[in-house]
Structure formats: structure tokens, C-alpha cells
Amino acid sequence: MRKNIVAGNWKMNNDLPQTEALIDGLKSQTQTSNAEVMIAPTFTNLWHAFEELRQSKIEVIAQNMHFAENGAYTGEVSASMLKSVGIQTVILGHSERRAYFNETDQLLAKKVDAALANDMRVIFCFGEELADRKSGNEESVVENQIKNALFHLEGSAFKNIVLAYEPVWAIGTGETASPEQAQDMHAFIRKTLDSKYGSEVADNMTILYGGSVKPNNANEIFSKPDVDGGLIGGASLKAEDFFAIVNAF
Ligand code: PEP
């Protein structure tokens, strides 16, 4: 079912004391919207964050995982390891993973399969680079990212997938896609899903926008009919800003 979700991606920020302080800040906020709220701390703080927020409505999620169950993959973390510390949802395909860690659509397809096989929910990220948009290729780039990583799945698998459209040129840059640009792309994503899986999958898909969402622009972006929420980077590191975005619904 289509939902409103606001997820904070903390990236490689916040050691344990900072995580504790930010969680205290989050706990002191009042939620006035119905959005599902999630935060993604670093691996080392997941268990602590999960325990701290166990009684709250904030879900603790992971920023990444490996596709293998276990084995000789030094430095990696598997789906079952995440699940063993209470994590049910994982972000996959973030543009920073694609750009700095060479994650391809083919690798991401394997990660998606592993997460779903472990009954996890996936927030699958994709989005065009500035050059793609300048050359008018943003739709074909996005279409290929979705097709390559997800179109091997059965339609029923999509109930455990959330899509996050994140134009790379808008991430951490302070430059946001206009609400109209976000709406146009989200409508195109829904059309792409419809053409392969039909309207039930397309209409029920939760599609988040990510890219410099802040308290002062969230309301306008979230007011667009095909924008179901946001994946928030920088502004998720301040409890007040994050909850101003959560409450923008
Ligand atoms: C992100 O990293 O997913 C993101 C959207 O970052 P920011 O909000 O800082 O642009």
C-alpha cells in the first residue's frame, strides 16, 4: 500500500555519543503528521539506536548491505546480521554507493534479491546525473536503472520495495529539483512500473524524493500527487529540521 515515508540517511556521520544525542533530540520532537519515520545510522550504532528507539514510532534502518549470507567478504555486513539486531529495512543503490564503491545495477539486483529473500524491505535509490539531465536523457537513465535492478522481480515483490528518486545533482548540493521536476519524474516512474506490472503495482508504489529537502521546501515538494515522501540527508542530522520535514505532510 502507498504510504508517506520520511527517512533520514545519516551517512558516515555521528559516532556513538553523537548518535545518542541526536536520538535524544528526536525523542523530544512531536510528530503531527502520519508519515512513517525512519533513520539510518552507521552500522556500528544500529543496535544501540534500535534499542533506544524500540518503544518509539521511529524505525531504525541500514544504509547498505552485502548480497551474500556470510563468508569471506571482509568489512561487509549481511541481511541476516542486520535482522539479528532488529533491522527490517535497508537502503540500496544510494548514488554515493554507486559513485564511490562502484555499485552497478547488476550488483544491486543481487543485493535486492538477498534483502527480499530475508524478508527485508528495500528503499531502492536511483537518479540521473547533471549531464544526463542537461542532455535530456534523465528519463531513459532512470528507466534503465529501475529495469536493470528490479524488473527481474515478480510484481508481488514490490510490496516490500520503496523507490527513492534522487537526482545526483541535487544531493548535498543545496540545489533541489523543482516540485514540478520531481512530480514529472515520479509520474514517469509510475508509468514505467505500470507498463511492466500493471496499475496495481504502479498505484501502490511508494516513491520518495531525495535531494536537498529542507524544512523550507518540503511542504511544496510533498504536495505533489506522485511524491510520497522524502529521503533526507543533511537535514536529518538536526532533530528539529528533520521533524519539520516529517511534519510537512
Ligand atoms: C541523500 O543523501 O540521500 C540526500 C538526499 O542528501 P541531502 O538531503 O543532503 O541532499
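No lab work stands behind these numbers, since they all come straight from the coordinates. None of the values given here were measured: they were computed from a predicted structure. Heads up, the Cβs are rebuilt from the backbone with ideal geometry, glycines too, and the neighbour counts pull from every protein chain shown.
Some notes on this structure:
- Ranked from largest, the principal axis spans of the Cα set of the stretch 1-116 equal 41, 34, 26 Å.
- Counting only Cα atoms, the size of the chain along its three principal axes is 45, 45, 33 Å, in decreasing order.
- Amide H partners (placed H, <5 Å) of GLN63, local residues excluded: ILE91
- 25 Å Cα-Cα reach of LYS134 towards lysines, excluding residues that sit fewer than 8 places from it in its own chain: LYS147, LYS191, LYS214, LYS224
- Candidate lysines for bridging to LYS27, where Cα separation is under 16 Å - those fewer than 8 sequence places away on the same chain excluded: LYS57, LYS238
- R0 of 30 Å, Cβ-Cβ distance THR173-SER140: FRET efficiency to nearest 0.05: 0.85
- Counted charge near ALA49, where neighbours are those whose Cβ lies closer than 12 Å (Asp, Glu -1; Lys, Arg +1): -3
- Cα-only Debye scattering, the stretch 114-249: base-10 log of I(q)/I(0) at q = 0.16 Å⁻¹: -0.82
- For HIS94, distant residues with modelled amide H under 5 Å away: CYS125
- Cα-based radius of gyration for the stretch 177-249, normalised by 2.2 N^0.38 Å, reads 1.17.
- Rounded to whole Hz, the Karplus (6.51, -1.76, 1.60) HN-Hα couplings of the stretch 23-34, x for glycine and proline: 5, 4, x, 5, 5, 7, 7, 10, 8, 10, 9, 9
- Computed [θ] at 222 nm, helices only, for the chain once each DSSP H run of length n ≥ 4 contributes -39500 (n - 2.57): -11500 deg cm²/dmol
- Distant-in-sequence amide H partners of MET38 (H built 1.01 Å from N, under 5 Å): VAL6, ALA7, GLY8, GLU59
- Packing-based exposure ordering (other Cβ within 10 Å, fewest first) of LYS57, LYS191: LYS57, LYS191
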